[in-house]
Amino acid sequence: MKHLNLILTLALALASFACNGGANTEKQAKAATESEAPAKTVALKPDGVGVGDKAPEFKLKNVDGKEYSFQDIRDASGDAPRGYILIFTCNTCPYAQASEQRIINLHNKYAAMGYPVVAIQPNDPAVQPGDSFDAMQKRARQMEYPFLYLFDEGQEVYPKYGATRTPEVYLVDKSLTVRYHGAIDDNVRDEDGVKEKFLENAIQAIDKGEDPKPATTKAVGCSIKTA
Amino acid sequence: MEVFTRPMPVICGFALILFSCNAAPATGQGQPSAKTPESTQQDEVARWPKPVTTIQGIPVYEEFSQVEPFFHFDNDTTYVINFWATWCKPCVEELPYFEELTAAYEGQKVRVILISLDFPRQFESKLAPFVREREMQSEVIALADGRYNDWIDKVSTEWTGAIPATYVYKGEESRFIGNSVKSMAELEAVANPLITGNKR
């Protein structure tokens with residue numbers, strides 16, 4: 001790394017300072033409007049999976065009460081899928097909410113082509129009550145989710161993937177290899193502003209036997225909440 | 001180039017050395033306020049990015065390229081740059097520690113810049129009142145550029161995009177914090193080696 005500084009005994013010399021009452025801490029400690037419980041965030045997971053890696057298996061409860069693993073998932077025709085659009089998402093994150101209709105549309109379009117959406121909710125409801133299983137069921141009913149909405153109960157699945165935020169996508173092919181990882185498109189905040197549909201392009205690429213370009217993208221999202 | 005340091009193990013003795021709790025309110029936003037020493041100020045004033053507009057005193061930038069100079073000041077000030085939003089609970093919970101840092105290092109070569117990634121339609125309705133009600137003393141700016149994939153890696157390749165996220169640098173030396181900080185001491189432990197020039 002770099003070494004620019006050794007003139008810094010100076011800095012230490014500046015070290016003593018007068019205290020005249022830190023009075024604004026109280027105001028600053030005001031809770032956020034949305035905050036219900038203290039939330040801790042997840043550090044980067046160096047042990048997650050990326051493009052080219054095997055997608056970790058899971059068996060998680062869907063909002064219909066049944067458990068699903070890759071083997072149990074079917075496409076719109078009831079056949080074994082050609083791939084899986086795994087999306088870590090939740091009820092509460094404003095960016096997940098902004099993406100909700102896009103996720104519904106993705107499933108409606110691509111489940112018929114063999115690529116169903118599999119949504120996984122990774123937040124700990126103890127930290128984020130709005131993401132409880134009940135709340136998930138309610139939201140799925142209300143919006144008539146056409147896709148599976150699985151609960152990562154105990155938060156064992158998302159760390160295996162190395163997911164850090166919602167929404168975050170892993171496109172998995174039928175051999176269970178991760179082929180694309182990242183954002184749905186280039187404008188998570190505003191669908192009207194989308195110029196490049198990263199995920200749709202990736203699905204079309206793997207369907208043609210090609211590698212997605214780009215295969216990895218990034219977007220701002222809500223850090224996954226854990227106790 | 002990228003030096004990724006997890007905040008936890010970095011507890012160094014120097015964190016304890018520098019302390020003060022001055023609380024003089026800063027004045028205008030959108031310009032470097034007159035809190036930092038002169039040599040730093042000249043560089044900042046010359047290169048401080050001009051906002052596209054200001055909303056109730058908060059400088060608003062449309063494109064990441066417009067805020068990029070904040071990440072490349074070449075002087076002896078330590079810059080602590082945090083990405084947050086009013087809707088992000090863990091971000092809001094850690095904000096007081098950044099404010100404490102600002103207060104504790106007043107008059108020294110430390111500058112905290114809080115970059116809000118709020119929805120642009122909420123700059124006026126949510127962000128501005130939030131900053132006003134809490135009388136926030138750190139520089140708060142708003143960035144409207146939602147084309148995240150184009151610029152996240154320009155901040156740090158370590159950043160997945162989850163917020164909060166914090167980038168600390170002085171000159172060529174930098175640290176990235178990819179999670180929320182739980183105390184002022186934790187934040188200071190990351191920033192202090194840069195501030196003092198003592199790398200542990």
_B:THR53-A:SER175 pseudo-label distance in nm [points 7 Å out on the Cα-to-Cβ vector]_ = 5.2 nm
*Amide H to amide H under 5 Å from A:ARG179: which residues, 5+ apart in sequence or cross-chain, H placed 1.01 Å off N in plane?*
A:GLY52, A:LEU171, A:VAL172, A:ASP173
*What residues have an amide H closer than 5 Å to that of B:VAL140, excluding those fewer than 5 places away on the same chain, when H is modeled at 1.01 Å from N in the peptide plane?*
B:LEU114
*Which is farthest toward the positive dipole end of region B:35-196 among B:SER65, B:ILE195, B:LEU127, measuring Cα position about the Cα centre, with Cβ charges +1 (Lys, Arg) and -1 (Asp, Glu)?*
B:LEU127
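For region B:35-196, with only Lys/Arg (+1) and Asp/Glu (-1) charged at the beta-carbon, what is the dipole magnitude about the Cα centre, in debye rounded to 20?
The calculation lands at about 300 debye.
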*If you plug each phi of region A:170-179 into the Karplus form 6.51 cos²θ - 1.76 cosθ + 1.60 with θ = phi - 60°, what whole-Hz ³J(HN,Hα) values come out, in order, with x for Gly and Pro?*
10, 8, 10, 8, 6, 8, 6, 9, 6, 10
_Calculated FRET value between A:ILE73 and B:VAL45, using beta carbons and R₀ = 56 Å, to 0.05_ = 0.45
*Take the Cβ-Cβ distance between B:GLU135 and A:PHE133 as r, set R0 to 30 Å, and report the resulting FRET efficiency rounded to the nearest 0.05.*
0.15
*Along its principal axes, what span do the Cα atoms of region A:53-223 show, with the longest given first and each in whole Å?*
42, 35, 28
_Under a crude label model (7 Å from the Cα following the beta-carbon direction), how far is A:GLU156 from A:ASP47 in nanometres?_
1.4 nm
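Note the full-extension length gain between A:LYS109 and A:ARG141 as 0.36 nm times their separation in residues minus their Cα-Cα distance, in nm to one decimal.
Numbers: separation 32, 0.36 × 32 = 11.52 nm, distance 1.98 nm.
Contour length minus Cα-Cα distance gives 9.5 nm.
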_Give me the extension gain from A:LYS195 to A:LYS59: residue separation times 0.36 nm, minus the current Cα-Cα distance, reported in nm with one decimal._
45.4 nm
*In sequence order, calculated HN-Hα J values of region A:72-87 (Karplus, 6.51, -1.76, 1.60; Hz; x Gly/Pro)*: 8, 8, 10, 8, 5, 8, x, 9, 4, x, 7, x, 10, 9, 7, 10
*Grab every C-alpha pair in region B:94-159, bin the distances at 5 angstrom width from 0 up to the longest one, and report whole percents.*
4, 15, 21, 20, 18, 16, 6, 0
*Pairs of Cα atoms farther than 18 Å apart, region B:35-196, %*: 57 percent
*Interchain or long-range residues, amide H under 5 Å from B:SER174's placed H*: B:VAL3
*Taking 7 Å along the Cα-to-C-beta vector as the label spot, tell me the B:ASP150-B:PHE71 distance in nanometres, rounded to one decimal.*
1.4 nm
_Cβ charges +1 (Lys, Arg) and -1 (Asp, Glu), total dipole of region A:102-227, debye_ = 60 debye
*Could you list the trypsin sites (Lys or Arg not before Pro) in region A:156-207 that lie in coil according to DSSP, counting only those with at most 11 other Cβ atoms within 10 Å of their Cβ?*
A:LYS195
*asked:* Residue by residue through region B:92-108, what is 3J(HN,Hα) from phi via Karplus (6.51 cos²θ - 1.76 cosθ + 1.60, θ = phi - 60°)? Round to whole Hz and write x for glycine and proline.
replied: 5, 5, 8, 3, x, 6, 6, 5, 4, 4, 4, 5, 5, 10, 3, x, 10
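Where a number appears in this text, it was derived from the coordinates with a stated rule and is not lab data. As the structure is a prediction and not an experimental result, all values here were calculated from the model. All Cβ positions, glycine included, derive from the backbone under ideal geometry; neighbour counts span all protein chains shown.
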